[in-house]
Amino acid sequence: MSEAQENYSAEAGASSTDPHDWGRAMALAVTRLAEQLAPADSEDIHASLVGRDLHLKIRDDDAAGVTITVSTAPVSGSPN
């Protein structure tokens, strides 16, 4: 019997539309997601991401940059 998993997501903004500049925003979104998934007393929050499928969505909400969303379930509007 398997339990239904809750879906989590986190996002961060990048101030550029150039993919070469998105590294910090992606890392911040992944860290925010790990903080949600890890047990409160965890010393290595990123271990909660190992072996887990993650989904990425990049939105160009404004002309200056993008919003990066990382989630444990497909982000709405993403193709399967």
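The values are calculated or read from the model by the stated rules, or taken from the named source; none is laboratory data. Just so you know, these numbers come straight off a predicted model, no measurement behind them. Don't worry about glycine lacking a Cβ; one is built from the backbone with ideal geometry, like all the others, and counts go over all protein chains shown. Just so you know, the surface numbers come from the protein's heavy atoms only, side chains and all, with ligands and any DNA or RNA stripped out. Shrake-Rupley method; radii C 1.70, N 1.55, O 1.52, S 1.80 Å.
Some values worked out for this structure:
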| quantity | calculated |
| --- | --- |
| Probe 1.4 Å, protein heavy atoms only - accessible area per residue of the chain in square angstrom | 72 |
| Projected-area average for the chain over all orientations - Cα convex hull basis, square nanometres | 6.6 |
| Ser71, Ser15, ranked by accessible area, largest first (probe 1.4 Å) | Ser15, Ser71 |
| Percent accessible area from carbon and sulfur atoms, the chain, protein chains only, probe 1.4 Å | 48 |
| Positive minus negative residues near Arg24 (Lys, Arg vs Asp, Glu; Cβ under 14 Å) | -2 |
| In Å², nearest 10: area of Thr67 left accessible to a 1.4 Å probe | 20 |
| Rounded to 10°, Cα long-axis angle of helix 23-37 versus longest principal axis of the chain | 30 |
| Leu54 - accessible surface, heavy atoms, 1.4 Å probe, Å² rounded to 10 | 70 |
